[in-house]
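Let me begin by presenting the structure, written as C-alpha coordinates, before commenting on it.
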Number of protein chains: 2
Amino acid sequence: MSQQRTGPTDGPDFPDLPEATVARLPEYLRALHHLAEDGHDTVSSEGLAAAAGVNSAKLRKDLSHLGRTGTRGVGYDVTLLIDQIEQVLGLTHRRAVALVGVGNLGHALAGYAGFGTRGFRIAALFDADHGRVGEHINGLIVRHVDDLPEVVEQESISIAVIATPAHAAQHVADRLVAAGVTSVLNFAPCVLNVPEGVDVRKVDLAIELQILSFHEHRKSALTALPAAVQKPGRVGMANRLGGEAVAT
Amino acid sequence: MSQQRTGPTDGPDFPDLPEATVARLPEYLRALHHLAEDGHDTVSSEGLAAAAGVNSAKLRKDLSHLGRTGTRGVGYDVTLLIDQIEQVLGLTHRRAVALVGVGNLGHALAGYAGFGTRGFRIAALFDADHGRVGEHINGLIVRHVDDLPEVVEQESISIAVIATPAHAAQHVADRLVAAGVTSVLNFAPCVLNVPEGVDVRKVDLAIELQILSFHEHRKSALTALPAAVQKPGRVGMANRLGGEAVAT
DNA sequence: CGCGATTTGTGCACGGCTTCACAAGCGCCT
DNA sequence: AGGCGCTTGTGAAGCCGTGCACAAATCGCG
(Lines give C-alpha, C1' and ligand atoms only; values in the text may rest on other atoms or scores of the structure.)
Protein backbone atom coordinates (compact mmCIF):
# COMPACT_ATOMS: atom_id res chain seq x y z
CA MET A 1 0.00 0.00 0.00
CA SER A 2 2.03 2.78 -1.19
CA GLN A 3 0.79 6.21 -1.50
CA GLN A 4 2.50 8.71 -3.56
CA ARG A 5 2.61 12.22 -2.40
CA THR A 6 0.00 14.64 -3.49
CA GLY A 7 2.52 16.48 -5.55
CA PRO A 8 4.56 19.63 -5.54
CA THR A 9 1.87 21.67 -3.90
CA ASP A 10 1.81 20.02 -0.53
CA GLY A 11 -1.56 19.29 0.91
CA PRO A 12 -2.51 21.60 3.78
CA ASP A 13 -1.82 19.07 6.44
CA PHE A 14 -0.86 15.80 4.99
CA PRO A 15 2.60 14.99 6.13
CA ASP A 16 2.34 11.60 4.48
CA LEU A 17 3.54 9.90 7.59
CA PRO A 18 5.56 6.68 7.72
CA GLU A 19 3.31 3.79 8.59
CA ALA A 20 5.30 3.00 11.70
CA THR A 21 4.73 6.51 12.94
CA VAL A 22 1.01 6.34 12.32
CA ALA A 23 0.86 3.17 14.36
CA ARG A 24 2.44 4.94 17.30
CA LEU A 25 0.50 8.20 17.25
CA PRO A 26 -2.55 6.69 18.97
CA GLU A 27 -0.34 5.56 21.82
CA TYR A 28 1.07 9.07 22.19
CA LEU A 29 -2.45 10.40 22.14
CA ARG A 30 -3.55 8.14 24.94
CA ALA A 31 -0.52 9.07 27.02
CA LEU A 32 -1.16 12.76 26.38
CA HIS A 33 -4.75 12.54 27.54
CA HIS A 34 -3.53 10.85 30.65
CA LEU A 35 -1.02 13.63 31.26
CA ALA A 36 -3.65 16.28 30.64
CA GLU A 37 -5.89 14.74 33.27
CA ASP A 38 -3.03 14.93 35.71
CA GLY A 39 -2.78 18.63 35.10
CA HIS A 40 0.37 18.76 33.01
CA ASP A 41 0.59 21.67 30.61
CA THR A 42 3.78 20.65 28.88
CA VAL A 43 5.84 17.49 28.50
CA SER A 44 9.35 16.83 27.43
CA SER A 45 10.00 14.26 24.74
CA GLU A 46 11.64 12.19 27.43
CA GLY A 47 8.59 12.26 29.63
CA LEU A 48 6.09 11.53 26.90
CA ALA A 49 8.28 8.81 25.50
CA ALA A 50 8.39 7.10 28.87
CA ALA A 51 4.63 7.34 29.20
CA ALA A 52 4.15 5.84 25.78
CA GLY A 53 6.80 3.19 26.18
CA VAL A 54 9.11 4.26 23.40
CA ASN A 55 12.51 5.81 22.82
CA SER A 56 12.62 9.59 23.09
CA ALA A 57 14.51 10.03 19.84
CA LYS A 58 11.89 8.01 18.04
CA LEU A 59 9.16 10.10 19.57
CA ARG A 60 10.76 13.34 18.48
CA LYS A 61 11.24 12.07 14.97
CA ASP A 62 7.63 10.94 14.85
CA LEU A 63 6.34 14.29 16.03
CA SER A 64 8.63 16.18 13.72
CA HIS A 65 6.61 14.78 10.85
CA LEU A 66 3.62 16.74 12.06
CA GLY A 67 5.47 20.00 11.58
CA ARG A 68 7.03 21.97 14.41
CA THR A 69 5.09 21.09 17.46
CA GLY A 70 7.44 21.53 20.38
CA THR A 71 9.37 24.41 21.84
CA ARG A 72 13.07 23.94 22.36
CA GLY A 73 14.14 24.20 25.90
CA VAL A 74 10.58 23.69 27.06
CA GLY A 75 8.90 20.69 25.55
CA TYR A 76 5.51 20.06 24.00
CA ASP A 77 2.27 21.81 24.84
CA VAL A 78 0.00 18.97 25.87
CA THR A 79 -3.34 20.24 24.66
CA LEU A 80 -1.88 21.62 21.46
CA LEU A 81 -0.23 18.32 20.69
CA ILE A 82 -3.44 16.45 21.40
CA ASP A 83 -5.22 18.65 18.90
CA GLN A 84 -2.55 18.14 16.28
CA ILE A 85 -2.53 14.39 16.59
CA GLU A 86 -6.31 14.17 16.58
CA GLN A 87 -6.32 16.32 13.50
CA VAL A 88 -3.87 14.08 11.69
CA LEU A 89 -5.67 10.91 12.72
CA GLY A 90 -8.93 12.32 11.51
CA LEU A 91 -10.50 12.27 14.94
CA THR A 92 -11.94 15.75 14.78
CA HIS A 93 -15.36 14.21 14.63
CA ARG A 94 -16.68 11.00 16.09
CA ARG A 95 -16.58 8.35 13.45
CA ALA A 96 -19.47 5.97 13.10
CA VAL A 97 -18.56 2.30 13.28
CA ALA A 98 -20.60 -0.75 12.38
CA LEU A 99 -20.15 -3.98 14.30
CA VAL A 100 -21.02 -7.21 12.55
CA GLY A 101 -21.42 -10.41 14.54
CA VAL A 102 -23.02 -10.16 17.93
CA GLY A 103 -21.77 -13.38 19.44
CA ASN A 104 -19.51 -13.89 22.36
CA LEU A 105 -16.89 -11.36 21.34
CA GLY A 106 -19.32 -9.05 19.57
CA HIS A 107 -21.27 -8.53 22.76
CA ALA A 108 -18.15 -7.59 24.63
CA LEU A 109 -17.05 -5.16 21.95
CA ALA A 110 -20.50 -3.58 21.80
CA GLY A 111 -20.20 -2.84 25.47
CA TYR A 112 -16.68 -1.54 25.34
CA ALA A 113 -16.54 1.99 26.70
CA GLY A 114 -13.25 2.80 25.00
CA PHE A 115 -15.10 3.29 21.76
CA GLY A 116 -16.90 6.35 22.95
CA THR A 117 -14.02 7.90 24.82
CA ARG A 118 -11.54 7.64 22.01
CA GLY A 119 -13.24 9.05 19.00
CA PHE A 120 -15.73 6.47 17.85
CA ARG A 121 -19.39 5.67 18.08
CA ILE A 122 -20.92 2.31 17.46
CA ALA A 123 -23.67 3.28 15.11
CA ALA A 124 -25.13 -0.10 14.34
CA LEU A 125 -25.01 -3.77 15.21
CA PHE A 126 -25.58 -6.58 12.72
CA ASP A 127 -25.92 -10.31 12.73
CA ALA A 128 -26.88 -12.93 10.18
CA ASP A 129 -28.81 -14.98 12.70
CA HIS A 130 -32.47 -14.00 12.61
CA GLY A 131 -32.76 -15.27 16.15
CA ARG A 132 -30.50 -12.47 17.29
CA VAL A 133 -31.98 -9.71 15.20
CA GLY A 134 -34.05 -7.39 17.33
CA GLU A 135 -32.06 -7.98 20.46
CA HIS A 136 -31.17 -4.88 22.45
CA ILE A 137 -27.54 -4.40 23.38
CA ASN A 138 -26.28 -1.33 25.10
CA GLY A 139 -29.05 0.81 23.71
CA LEU A 140 -28.76 -0.45 20.16
CA ILE A 141 -30.92 -2.90 18.29
CA VAL A 142 -29.33 -5.73 16.37
CA ARG A 143 -30.27 -5.57 12.70
CA HIS A 144 -29.95 -8.16 9.99
CA VAL A 145 -26.98 -7.97 7.68
CA ASP A 146 -29.37 -7.54 4.78
CA ASP A 147 -29.93 -4.04 6.07
CA LEU A 148 -26.26 -3.15 5.74
CA PRO A 149 -26.45 -0.97 2.61
CA GLU A 150 -29.30 1.06 3.97
CA VAL A 151 -27.83 1.67 7.41
CA VAL A 152 -24.28 2.29 6.21
CA GLU A 153 -25.68 4.96 3.94
CA GLN A 154 -27.87 6.56 6.58
CA GLU A 155 -25.24 6.67 9.27
CA SER A 156 -22.33 7.51 6.99
CA ILE A 157 -20.38 4.52 8.19
CA SER A 158 -16.96 3.97 6.68
CA ILE A 159 -15.42 1.70 9.30
CA ALA A 160 -16.66 -1.73 10.32
CA VAL A 161 -15.62 -4.36 12.82
CA ILE A 162 -16.04 -8.02 11.92
CA ALA A 163 -16.60 -10.27 14.91
CA THR A 164 -18.15 -13.25 13.16
CA PRO A 165 -16.95 -16.84 12.92
CA ALA A 166 -14.16 -17.26 10.37
CA HIS A 167 -16.29 -19.03 7.79
CA ALA A 168 -18.62 -16.05 7.52
CA ALA A 169 -16.03 -13.30 7.57
CA GLN A 170 -15.22 -13.12 3.87
CA HIS A 171 -18.87 -13.00 2.93
CA VAL A 172 -19.53 -10.26 5.45
CA ALA A 173 -16.50 -8.35 4.23
CA ASP A 174 -17.78 -8.49 0.68
CA ARG A 175 -21.14 -7.14 1.74
CA LEU A 176 -19.53 -4.41 3.80
CA VAL A 177 -17.38 -3.30 0.90
CA ALA A 178 -20.37 -3.40 -1.41
CA ALA A 179 -22.23 -1.20 1.04
CA GLY A 180 -19.45 1.36 0.97
CA VAL A 181 -17.28 0.52 3.93
CA THR A 182 -13.62 1.25 3.26
CA SER A 183 -11.90 0.19 6.48
CA VAL A 184 -12.31 -3.09 8.29
CA LEU A 185 -11.07 -4.35 11.61
CA ASN A 186 -11.18 -8.13 11.45
CA PHE A 187 -11.36 -10.29 14.55
CA ALA A 188 -12.05 -13.48 12.63
CA PRO A 189 -9.06 -15.80 12.23
CA CYS A 190 -8.78 -15.71 8.45
CA VAL A 191 -7.41 -13.50 5.71
CA LEU A 192 -9.80 -11.21 3.92
CA ASN A 193 -9.63 -10.38 0.26
CA VAL A 194 -10.78 -6.88 -0.41
CA PRO A 195 -10.46 -4.52 -3.36
CA GLU A 196 -7.73 -1.97 -3.63
CA GLY A 197 -8.50 1.06 -1.55
CA VAL A 198 -10.02 -0.83 1.33
CA ASP A 199 -7.89 -1.17 4.44
CA VAL A 200 -7.97 -4.23 6.62
CA ARG A 201 -6.41 -4.67 10.01
CA LYS A 202 -6.52 -7.96 11.80
CA VAL A 203 -6.59 -8.92 15.43
CA ASP A 204 -6.13 -12.58 16.20
CA LEU A 205 -5.92 -13.64 19.79
CA ALA A 206 -4.48 -17.07 19.06
CA ILE A 207 -1.73 -15.61 16.91
CA GLU A 208 -0.68 -13.29 19.69
CA LEU A 209 -0.51 -16.19 22.09
CA GLN A 210 1.44 -18.31 19.64
CA ILE A 211 4.01 -15.59 19.26
CA LEU A 212 4.34 -15.47 23.03
CA SER A 213 4.55 -19.25 23.02
CA PHE A 214 7.53 -19.08 20.72
CA HIS A 215 9.37 -16.80 23.09
CA GLU A 216 8.45 -18.99 26.03
CA HIS A 217 9.79 -21.96 24.17
CA ARG A 218 12.99 -20.16 23.40
CA LYS A 219 13.40 -18.87 26.92
CA SER A 220 12.93 -22.28 28.49
CA ALA A 221 15.42 -23.81 26.09
CA LEU A 222 17.94 -21.15 26.94
CA THR A 223 17.62 -21.46 30.68
CA ALA A 224 17.81 -25.20 30.40
CA LEU A 225 21.10 -25.77 28.66
CA PRO A 226 23.54 -22.89 28.79
CA ALA A 227 24.07 -20.95 32.00
CA ALA A 228 21.40 -18.38 31.42
CA VAL A 229 22.57 -14.92 30.70
CA GLN A 230 20.73 -13.13 33.42
CA LYS A 231 20.58 -9.49 32.67
CA PRO A 232 19.22 -7.22 35.34
CA GLY A 233 17.72 -4.04 34.05
CA ARG A 234 14.21 -2.81 34.28
CA VAL A 235 11.68 -1.61 31.80
CA GLY A 236 10.04 -4.20 29.68
CA MET A 237 9.68 -4.48 26.02
CA ALA A 238 6.55 -4.34 24.03
CA ASN A 239 7.11 -5.21 20.49
CA ARG A 240 4.95 -5.84 17.63
CA LEU A 241 5.08 -4.73 14.26
CA GLY A 242 1.61 -3.81 13.78
CA GLY A 243 -0.56 -2.80 16.42
CA GLU A 244 -3.53 -4.31 17.83
CA ALA A 245 -6.35 -3.37 19.84
CA VAL A 246 -8.87 -3.59 22.50
CA ALA A 247 -9.99 -3.51 26.00
CA THR A 248 -11.87 -4.34 28.98
CA MET B 1 21.10 -23.09 3.95
CA SER B 2 23.43 -25.59 5.45
CA GLN B 3 23.73 -26.84 8.95
CA GLN B 4 25.34 -23.76 10.28
CA ARG B 5 23.74 -22.52 13.41
CA THR B 6 24.28 -19.08 14.77
CA GLY B 7 24.97 -20.16 18.28
CA PRO B 8 28.22 -21.55 19.59
CA THR B 9 26.81 -24.89 20.58
CA ASP B 10 23.99 -25.36 18.18
CA GLY B 11 20.68 -25.69 19.89
CA PRO B 12 18.78 -28.79 18.81
CA ASP B 13 16.38 -26.79 16.71
CA PHE B 14 16.69 -23.12 17.31
CA PRO B 15 17.12 -21.29 14.10
CA ASP B 16 16.93 -17.99 15.97
CA LEU B 17 14.27 -16.64 13.69
CA PRO B 18 13.82 -12.99 12.72
CA GLU B 19 11.01 -11.47 14.73
CA ALA B 20 9.04 -10.61 11.61
CA THR B 21 9.12 -14.24 10.59
CA VAL B 22 7.93 -15.41 13.98
CA ALA B 23 4.98 -13.07 13.71
CA ARG B 24 3.95 -14.68 10.44
CA LEU B 25 4.41 -18.34 11.29
CA PRO B 26 1.10 -18.55 13.17
CA GLU B 27 -0.69 -17.30 10.10
CA TYR B 28 1.00 -19.94 7.96
CA LEU B 29 0.03 -22.51 10.51
CA ARG B 30 -3.61 -21.53 10.40
CA ALA B 31 -3.61 -21.60 6.61
CA LEU B 32 -1.94 -25.01 6.62
CA HIS B 33 -4.52 -26.50 8.95
CA HIS B 34 -7.19 -25.17 6.67
CA LEU B 35 -5.50 -26.75 3.67
CA ALA B 36 -5.11 -30.04 5.50
CA GLU B 37 -8.81 -30.12 6.24
CA ASP B 38 -9.49 -29.64 2.57
CA GLY B 39 -7.46 -32.73 1.83
CA HIS B 40 -4.35 -31.14 0.38
CA ASP B 41 -1.16 -33.14 0.84
CA THR B 42 1.22 -30.58 -0.58
CA VAL B 43 1.19 -26.86 -1.27
CA SER B 44 3.35 -24.64 -3.38
CA SER B 45 4.79 -21.51 -1.84
CA GLU B 46 2.54 -19.58 -4.15
CA GLY B 47 -0.54 -21.36 -2.88
CA LEU B 48 0.30 -21.11 0.76
CA ALA B 49 1.34 -17.51 0.39
CA ALA B 50 -2.02 -16.67 -1.12
CA ALA B 51 -3.83 -18.49 1.68
CA ALA B 52 -1.83 -16.59 4.27
CA GLY B 53 -2.06 -13.25 2.53
CA VAL B 54 1.62 -12.69 1.93
CA ASN B 55 4.19 -12.57 -0.84
CA SER B 56 5.47 -15.97 -1.97
CA ALA B 57 9.11 -14.92 -1.83
CA LYS B 58 8.67 -13.80 1.73
CA LEU B 59 7.02 -17.07 2.59
CA ARG B 60 9.88 -19.09 1.15
CA LYS B 61 12.46 -17.05 2.97
CA ASP B 62 10.54 -17.44 6.19
CA LEU B 63 10.30 -21.18 5.81
CA SER B 64 13.91 -21.48 4.77
CA HIS B 65 14.82 -20.45 8.29
CA LEU B 66 13.29 -23.64 9.59
CA GLY B 67 15.73 -25.74 7.64
CA ARG B 68 14.86 -27.54 4.43
CA THR B 69 11.18 -28.05 4.44
CA GLY B 70 10.06 -28.11 0.85
CA THR B 71 10.78 -30.21 -2.19
CA ARG B 72 11.76 -28.41 -5.36
CA GLY B 73 9.40 -28.98 -8.18
CA VAL B 74 6.74 -30.18 -5.78
CA GLY B 75 6.14 -27.84 -2.90
CA TYR B 76 5.70 -28.33 0.81
CA ASP B 77 4.30 -31.36 2.57
CA VAL B 78 1.39 -29.96 4.51
CA THR B 79 1.40 -32.17 7.57
CA LEU B 80 5.17 -32.14 7.81
CA LEU B 81 5.24 -28.38 7.66
CA ILE B 82 2.54 -28.14 10.30
CA ASP B 83 4.65 -30.27 12.59
CA GLN B 84 7.74 -28.21 11.98
CA ILE B 85 6.03 -24.91 12.66
CA GLU B 86 4.31 -26.21 15.77
CA GLN B 87 7.65 -27.48 16.97
CA VAL B 88 9.30 -24.14 16.48
CA LEU B 89 6.46 -22.23 18.11
CA GLY B 90 6.57 -24.51 21.08
CA LEU B 91 3.07 -25.82 20.51
CA THR B 92 3.92 -29.47 20.97
CA HIS B 93 1.97 -29.40 24.19
CA ARG B 94 -1.05 -27.37 25.19
CA ARG B 95 0.14 -24.37 27.15
CA ALA B 96 -1.75 -23.30 30.22
CA VAL B 97 -2.95 -19.71 30.21
CA ALA B 98 -4.28 -17.58 33.03
CA LEU B 99 -6.91 -14.95 32.35
CA VAL B 100 -7.14 -12.03 34.74
CA GLY B 101 -10.18 -9.77 34.68
CA VAL B 102 -13.53 -11.38 34.10
CA GLY B 103 -15.46 -8.33 32.99
CA ASN B 104 -17.05 -7.65 29.68
CA LEU B 105 -14.12 -8.68 27.55
CA GLY B 106 -12.81 -11.27 29.96
CA HIS B 107 -16.05 -13.21 29.71
CA ALA B 108 -15.85 -13.23 25.96
CA LEU B 109 -12.26 -14.37 25.98
CA ALA B 110 -13.01 -17.11 28.49
CA GLY B 111 -15.58 -18.46 26.09
CA TYR B 112 -13.44 -18.16 22.99
CA ALA B 113 -13.07 -21.54 21.36
CA GLY B 114 -9.96 -20.57 19.43
CA PHE B 115 -7.95 -21.05 22.57
CA GLY B 116 -8.51 -24.75 22.70
CA THR B 117 -8.16 -25.45 19.02
CA ARG B 118 -4.91 -23.64 18.59
CA GLY B 119 -2.64 -24.89 21.29
CA PHE B 120 -3.80 -23.31 24.51
CA ARG B 121 -5.88 -24.10 27.51
CA ILE B 122 -7.35 -21.57 29.86
CA ALA B 123 -6.26 -23.02 33.14
CA ALA B 124 -7.57 -20.38 35.50
CA LEU B 125 -9.68 -17.24 35.75
CA PHE B 126 -9.00 -14.43 38.19
CA ASP B 127 -10.61 -11.22 39.30
CA ALA B 128 -9.98 -8.70 42.04
CA ASP B 129 -13.66 -8.18 42.70
CA HIS B 130 -14.78 -10.50 45.49
CA GLY B 131 -18.29 -10.27 44.10
CA ARG B 132 -17.13 -12.12 41.02
CA VAL B 133 -15.00 -14.70 42.74
CA GLY B 134 -16.69 -18.06 42.76
CA GLU B 135 -18.64 -17.43 39.57
CA HIS B 136 -18.66 -20.30 37.08
CA ILE B 137 -17.64 -19.50 33.54
CA ASN B 138 -17.30 -22.12 30.90
CA GLY B 139 -16.53 -24.82 33.42
CA LEU B 140 -14.04 -22.77 35.38
CA ILE B 141 -14.41 -21.05 38.70
CA VAL B 142 -13.26 -17.47 39.07
CA ARG B 143 -10.63 -17.15 41.76
CA HIS B 144 -9.30 -14.14 43.57
CA VAL B 145 -6.05 -12.61 42.36
CA ASP B 146 -4.56 -13.28 45.76
CA ASP B 147 -4.49 -16.93 44.74
CA LEU B 148 -2.28 -16.21 41.75
CA PRO B 149 1.04 -17.53 43.11
CA GLU B 150 -0.50 -20.77 44.23
CA VAL B 151 -2.43 -21.49 41.04
CA VAL B 152 0.33 -20.39 38.68
CA GLU B 153 2.61 -22.80 40.46
CA GLN B 154 0.13 -25.68 40.45
CA GLU B 155 -0.88 -25.35 36.82
CA SER B 156 2.56 -24.46 35.49
CA ILE B 157 1.25 -21.30 33.94
CA SER B 158 3.75 -19.13 32.10
CA ILE B 159 1.41 -17.05 29.95
CA ALA B 160 -1.30 -14.71 31.17
CA VAL B 161 -3.91 -12.50 29.57
CA ILE B 162 -4.78 -9.20 31.21
CA ALA B 163 -8.34 -8.06 30.56
CA THR B 164 -8.76 -5.64 33.41
CA PRO B 165 -9.46 -1.90 33.37
CA ALA B 166 -6.36 0.14 32.58
CA HIS B 167 -5.87 1.45 36.09
CA ALA B 168 -5.49 -2.06 37.46
CA ALA B 169 -3.33 -3.50 34.72
CA GLN B 170 0.10 -2.54 36.02
CA HIS B 171 -0.67 -3.86 39.46
CA VAL B 172 -1.92 -7.12 38.02
CA ALA B 173 1.12 -7.37 35.79
CA ASP B 174 3.40 -6.96 38.79
CA ARG B 175 1.62 -9.72 40.64
CA LEU B 176 1.70 -11.98 37.62
CA VAL B 177 5.42 -11.50 37.20
CA ALA B 178 5.96 -12.07 40.89
CA ALA B 179 4.02 -15.30 40.59
CA GLY B 180 6.30 -16.49 37.81
CA VAL B 181 4.49 -15.56 34.61
CA THR B 182 6.92 -14.61 31.85
CA SER B 183 4.63 -13.70 28.96
CA VAL B 184 1.71 -11.33 29.04
CA LEU B 185 -0.96 -10.45 26.52
CA ASN B 186 -2.34 -7.08 27.56
CA PHE B 187 -5.79 -5.91 26.49
CA ALA B 188 -5.80 -2.91 28.80
CA PRO B 189 -5.08 0.43 27.10
CA CYS B 190 -1.87 1.29 28.90
CA VAL B 191 1.81 0.48 28.77
CA LEU B 192 3.15 -2.10 31.17
CA ASN B 193 6.53 -1.98 32.81
CA VAL B 194 7.93 -5.42 33.35
CA PRO B 195 11.39 -6.75 34.17
CA GLU B 196 13.80 -7.90 31.54
CA GLY B 197 12.95 -11.37 30.37
CA VAL B 198 9.22 -10.91 30.46
CA ASP B 199 7.48 -10.47 27.12
CA VAL B 200 4.49 -8.26 26.69
CA ARG B 201 2.24 -7.98 23.69
CA LYS B 202 -0.54 -5.46 23.55
CA VAL B 203 -3.89 -5.44 21.87
CA ASP B 204 -5.77 -2.16 21.87
CA LEU B 205 -9.01 -1.90 19.96
CA ALA B 206 -9.14 1.87 19.97
CA ILE B 207 -5.64 2.11 18.58
CA GLU B 208 -6.54 -0.15 15.69
CA LEU B 209 -9.55 1.96 14.91
CA GLN B 210 -7.54 5.15 15.11
CA ILE B 211 -5.05 3.81 12.63
CA LEU B 212 -7.91 2.97 10.31
CA SER B 213 -9.30 6.42 10.95
CA PHE B 214 -6.06 7.96 9.75
CA HIS B 215 -6.29 6.10 6.47
CA GLU B 216 -9.93 7.04 6.10
CA HIS B 217 -9.00 10.64 6.65
CA ARG B 218 -6.26 10.43 4.07
CA LYS B 219 -8.46 8.66 1.56
CA SER B 220 -11.25 11.19 1.83
CA ALA B 221 -8.79 14.03 1.44
CA LEU B 222 -7.32 12.43 -1.64
CA THR B 223 -10.59 11.76 -3.36
CA ALA B 224 -11.78 15.24 -2.56
CA LEU B 225 -9.09 17.39 -4.10
CA PRO B 226 -6.98 15.70 -6.77
CA ALA B 227 -8.58 13.57 -9.42
CA ALA B 228 -8.32 10.32 -7.59
CA VAL B 229 -5.83 7.85 -8.89
CA GLN B 230 -8.11 4.92 -9.36
CA LYS B 231 -6.15 1.78 -9.54
CA PRO B 232 -8.01 -1.40 -10.41
CA GLY B 233 -6.47 -4.57 -9.13
CA ARG B 234 -7.86 -7.08 -6.71
CA VAL B 235 -6.48 -8.80 -3.70
CA GLY B 236 -6.48 -6.88 -0.55
CA MET B 237 -3.83 -6.13 1.87
CA ALA B 238 -3.66 -7.02 5.45
CA ASN B 239 -1.03 -5.16 7.23
CA ARG B 240 0.11 -4.83 10.68
CA LEU B 241 3.58 -4.50 11.03
CA GLY B 242 3.89 -6.15 12.79
CA GLY B 243 3.08 -6.04 13.12
CA GLU B 244 2.87 -5.51 12.81
CA ALA B 245 3.53 -4.69 14.56
CA VAL B 246 1.73 -5.50 12.98
CA ALA B 247 1.73 -6.37 13.99
CA THR B 248 -0.13 -5.10 11.74
C1' DC C 1 21.58 42.21 27.05
C1' DG C 2 24.09 38.19 27.09
C1' DC C 3 25.04 33.69 28.93
C1' DG C 4 24.07 29.10 30.25
C1' DA C 5 20.88 25.42 30.92
C1' DT C 6 17.65 22.81 28.63
C1' DT C 7 15.25 20.47 25.04
C1' DT C 8 13.90 20.05 20.31
C1' DG C 9 14.78 18.80 15.54
C1' DT C 10 17.65 16.18 12.40
C1' DG C 11 21.82 14.35 9.60
C1' DC C 12 23.85 10.09 9.45
C1' DA C 13 24.97 5.44 9.87
C1' DC C 14 23.51 0.91 10.84
C1' DG C 15 20.66 -3.16 10.83
C1' DG C 16 16.62 -5.65 9.56
C1' DC C 17 13.14 -6.74 6.34
C1' DT C 18 11.39 -7.09 1.72
C1' DT C 19 11.59 -8.01 -3.04
C1' DC C 20 13.58 -9.46 -7.27
C1' DA C 21 15.61 -12.59 -10.10
C1' DC C 22 17.84 -16.73 -10.91
C1' DA C 23 20.46 -20.95 -10.19
C1' DA C 24 19.89 -25.44 -8.13
C1' DG C 25 17.20 -29.43 -7.42
C1' DC C 26 13.38 -32.63 -8.14
C1' DG C 27 9.91 -35.43 -10.52
C1' DC C 28 7.82 -36.92 -14.65
C1' DC C 29 7.46 -38.27 -19.28
C1' DT C 30 9.26 -40.07 -23.31
C1' DA D 1 18.63 -42.21 -19.48
C1' DG D 2 17.96 -37.79 -20.63
C1' DG D 3 15.51 -33.69 -21.07
C1' DC D 4 11.93 -30.56 -19.62
C1' DG D 5 8.99 -28.03 -16.70
C1' DC D 6 8.09 -26.72 -12.23
C1' DT D 7 9.24 -25.03 -7.59
C1' DT D 8 12.30 -24.15 -3.98
C1' DG D 9 16.14 -21.76 -1.83
C1' DT D 10 19.04 -17.74 -1.79
C1' DG D 11 22.42 -13.94 -3.24
C1' DA D 12 22.04 -9.21 -3.89
C1' DA D 13 19.94 -4.78 -3.96
C1' DG D 14 16.96 -1.46 -2.06
C1' DC D 15 13.91 0.44 1.42
C1' DC D 16 12.35 1.50 5.83
C1' DG D 17 12.91 2.21 10.52
C1' DT D 18 15.85 2.98 14.56
C1' DG D 19 19.03 5.27 17.49
C1' DC D 20 23.02 8.20 18.20
C1' DA D 21 24.90 12.46 18.66
C1' DC D 22 24.91 17.17 17.91
C1' DA D 23 23.62 21.74 16.22
C1' DA D 24 19.93 25.03 16.64
C1' DA D 25 16.54 27.33 19.27
C1' DT D 26 14.29 29.00 23.37
C1' DC D 27 13.73 30.46 28.18
C1' DG D 28 15.22 32.38 32.56
C1' DC D 29 18.25 34.94 35.17
C1' DG D 30 21.73 37.88 36.51
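The values are calculated or read from the model by the stated rules, or taken from the named source; none is laboratory data. This one's a predicted model, so the numbers in the text were calculated from it and none came from an experiment. Ideal geometry is used to build each Cβ from the backbone, glycine not excepted, and the neighbour counts take in all protein chains shown.
Kindly establish whether residue B:98 is more than 11 Å from chain A (Cβ to nearest Cβ), crowded, with 22+ Cβ neighbours inside 10 Å and either within 25 Å of residue A:188 (Cβ to Cβ) or in contact with a strand residue (DSSP E or B) (Cβ under 9 Å, 6 or more places away or on another chain) (or both). Here the answer is yes, as residue B:98 does meet what is asked. Scanning segment A:49-68 for residues that are of a type in the set (A, V, I, L, M), under 20 Å from residue A:88 (Cβ atoms) and more than 7 Å from DNA strand C (Cβ to nearest atom) returns A:49, A:51, A:52, A:54, A:59, A:66. Contact map, segment A:44-66: first residue within 14 Å of chain B (Cβ to nearest Cβ), second residue assigned to a loop (DSSP other than H, G, I, E, B) and more than 11 Å from DNA strand D (Cβ to nearest atom), Cβ cut-off under 7 Å, separation 6 or more or different chains; pairs are A:52/B:191; A:53/B:191; A:65/A:15; A:66/A:15. Could you run through segment A:160-188 and say how many residues are away from every other protein chain (no Cβ under 14 Å) and assigned to a loop (DSSP other than H, G, I, E, B)? Number satisfying all stated conditions: 0.
One line per residue, one yes/no per condition, for (1) buried (at least 20 other Cβ atoms within 10 Å of the Cβ); (2) of a type in the set (A, V, I, L, M):
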{"site": "A:121", "(1), (2)": "no, no"}
{"site": "A:124", "(1), (2)": "yes, yes"}
{"site": "A:133", "(1), (2)": "no, yes"}
{"site": "A:140", "(1), (2)": "no, yes"}
{"site": "A:146", "(1), (2)": "no, no"}
{"site": "A:160", "(1), (2)": "yes, yes"}
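Taken over segment B:18-68, the criterion of being among the hydroxyl-bearing types (Ser, Thr, Tyr), surrounded by 17 or more Cβ atoms within 10 Å (Cβ to Cβ) and near DNA strand D (Cβ under 9 Å from one of its atoms) is satisfied by B:42, B:45. Considering only residues of segment B:69-95 that are within 12 Å of another protein chain (Cβ to nearest Cβ) and among the polar types (S, T, N, Q), which is nearest to DNA strand C (Cβ to nearest atom)? Taking the candidates together, the pick is B:87.
Matching residues to (1) at pLDDT below 95; (2) in contact with a His (Cβ under 9 Å, 6 or more places away or on another chain); (3) polar (S, T, N, Q):
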position: B:16; (1), (2), (3): yes, yes, no
position: B:21; (1), (2), (3): no, yes, yes
position: B:24; (1), (2), (3): no, no, no
position: B:39; (1), (2), (3): no, no, no
position: B:44; (1), (2), (3): no, no, yes
position: B:47; (1), (2), (3): no, yes, no
position: B:55; (1), (2), (3): no, no, yes
position: B:68; (1), (2), (3): yes, no, no
position: B:71; (1), (2), (3): no, no, yes
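Output yes when any residue across segment B:115-130 is more than 14 Å from every other protein chain (Cβ to nearest Cβ) and over 30 Å from residue B:30 (Cα atoms), and no when none is. Looking through segment B:115-130, at least one residue is more than 14 Å from every other protein chain (Cβ to nearest Cβ) and over 30 Å from residue B:30 (Cα atoms). Note on segment B:177-200: residues that are closer than 18 Å to residue B:22 by Cβ and surrounded by fewer than 23 Cβ atoms within 10 Å (Cβ to Cβ) amount to 5.
Condition check: closer than 24 Å to residue A:198 by Cβ, within 14 Å of chain B (Cβ to nearest Cβ) and either at pLDDT below 95 or in a loop (DSSP other than H, G, I, E, B) (or both). Does residue A:157 satisfy that? Here the answer is yes, as residue A:157 does meet what is asked. Screening segment B:70-84 for residues that are over 18 Å from residue B:38 (Cβ atoms) and buried (at least 16 other Cβ atoms within 10 Å of the Cβ) and picking the one that is farthest from DNA strand D (Cβ to nearest atom) gives B:84. Regarding segment B:106-127, can at least one residue be identified that is over 23 Å from residue A:204 (Cα atoms) and at pLDDT 95 or above? Yes - at least one qualifying residue is present in segment B:106-127.
The set of residues in segment B:131-150 that are under 24 Å from the mean Cα position of the chain (by Cα) and away from every other protein chain (no Cβ under 14 Å) comprises B:140, B:148.
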